[in-house]
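> Here's a structure for you.
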Amino acid sequence: MIKDFELEKIVEPLLGWFIENARILPWRTEPTPYRVWVSEIMLQQTRVEAVKPYFERFMRVLPGIKDLAECPEDELLKLWEGLGYYNRVRNMQKAAIEVMENHGGELPADYGKLLGLKGIGSYTAGAVASIAYGIPVPAVDGNVLRVLTRVTADDTDIMRQSFRTETERVLAALMCENGIFFPKNKDILKWKEKVYRENLPGAFNQALMELGATVCLPNGAPLCEKCPWQEFCRAREEGLLDSLPVKAKAKERKIEKRTVLIIRDGDKVAIHKRPEKGLLAGLYELPNVEGELQQEEVLSLVKEMNFRPIHIRKLEAAKHVFSHIEWQMTGYAIRVEEEGFEEDGEENHQLIFVDAEHAKERYAIPSAFAAYAEYMNIKLGVKKDKEEADA
Ligand code: SF4
């Protein structure tokens, strides 16, 4: 169990391993508070490799907190397009505004004050405080819980908030009370890299996460022969690699059938702005309705919208998995004729017709629609195939 394990012994081998094996990541080369914060928010529920190009583009467009605070919402959502969980970036903007108004434009170098900002929980506060400011506080994410439950053979359910809190408490004690994380401790100053010598708390937290991300992998496949803890790891000793960490099964996702429509009128394509609250709030989407509609039903629906369908084509099925819902989608591309619809952005039945050629660049369409967004700029009725029909 974590509580009865001598955690002091994980520190030195871990830091030694990290110095040799730390990945070079864009946010690590220049760990300013803003860059650490943005990277940590992006990395929630998204893989490192997928985050890299988004991070670099975000930093080019919004290099500072002021830029983030002042960015128009549509532009901000467009920058986040593809990363999903858009509330993350909305909350970041709210926090950036608060930092501009109440903290002199700098993220506070204070764990408690960081926790008070919108969208910043104990993990992110710990990461920013330790990595950017060298404050000895833990940053406990899923990787950290996995490596620690394995090395200590702790079979507590890691999904329990009480266990996360207990782990934070134990690590905070290790980092603060023992004093090993303060540069004045001569024994640990042997580390050669300046950045780690000056910021042991940041290095320690990153090393724990790095070990989980690259060596002590999930799903029973840890690379123990590369692990700096292999000589004293209890899960390895006791043959518990497959059973740790213990993780309560998440609730099953709700399946929702939807029919997605790509409605083209000449050079325009229809999009719709989602409500300001709820799933994918405020983003643009392709028109869609609940249920799996047949071709005839789609044609009736389109006619009810006062469009005259000319061609219809059924598209391949697609699915998108949100945290609690799975959309199973059927798509149709429909060419329509509609009178009185000339200008970009004119609305009809809450649809907005926009220039098809540039729609994908200008509007943040959530990745849930990625399979069908490809068809937004494809002209229909030019070449028929077996699934395309005159309507
Ligand atoms: S020895 Fe293996 S199971 Fe134990 S912490 Fe290292 S990688 Fe994980």
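Any read-out appearing in this document is the output of simple, stated calculations on the displayed coordinates, not a laboratory observation. What you see is a predicted model, and the numbers here were worked out from it, not measured in a lab. Reconstructed Cβ throughout: ideal geometry from the backbone, glycine too, with neighbour counts over all protein chains shown.
> Set the Förster distance to 30 Å, then compute FRET efficiency between GLN350 and GLU256 from the Cβ-Cβ distance, nearest 0.05. Can you show the working numbers first?
Values: r = 20 Å, r/R0 = 0.68.
According to the calculation, E is roughly 0.90.
> If you don't mind, there's one more thing I want to ask. Give me the one-decimal nm value for the distance between modelled label points at MET159 and LYS94, 7 Å along each residue's Cα-to-Cβ direction.
For the pair MET159/LYS94, the computed spacing is 2.6 nm.
> Which residues does the label zone of ALA172 cover in segment 236-259, counting backbone N under 16 Å from a point 7 Å along Cα→Cβ?
none
> Here is a further query. Determine the gain in length on full extension of the stretch GLU237-VAL321; use 0.36 nm per residue of separation and subtract their C-alpha separation, reporting nm with one decimal. Write out the running numbers ahead of the final one.
Numbers: separation 84, 0.36 × 84 = 30.24 nm, distance 3.75 nm.
That pair, GLU237 and VAL321, stretches by 26.5 nm at full extension.
> If the elastic network links every pair of Cα atoms under 10 Å, which of ALA281, ALA132, ALA368 fluctuates the most in the Gaussian network model of the chain?
ALA281
> Using Cα centres only, tell me the gap between segment 1-77 and segment 250-297 in whole Å.
33 Å
> Say the cut-off is 28 Å between C-alpha atoms; which of LYS78/LYS319; LYS273/LYS319; LYS319/LYS360; LYS94/LYS254; LYS78/LYS277 go over it?
Values: LYS78/LYS319 22 Å; LYS273/LYS319 21 Å; LYS319/LYS360 20 Å; LYS94/LYS254 30 Å; LYS78/LYS277 18 Å.
Beyond 28 Å: LYS94/LYS254.
> So which GluC sites (Glu not before Pro) in segment 4-64 are both in a DSSP loop and have at most 11 other Cβ atoms within 10 Å of their Cβ?
Working: sites: GLU6, GLU8, GLU20, GLU40, GLU49, GLU56; in loops: GLU6.
Listed in order of number, the matching sites are GLU6.
> For HIS311, list long-range residues whose amide hydrogen, built 1.01 Å from N in the peptide plane, is under 5 Å from its own amide hydrogen.
Counting only residues 5 or more places away or on other chains, the set is ARG335, ALA391.
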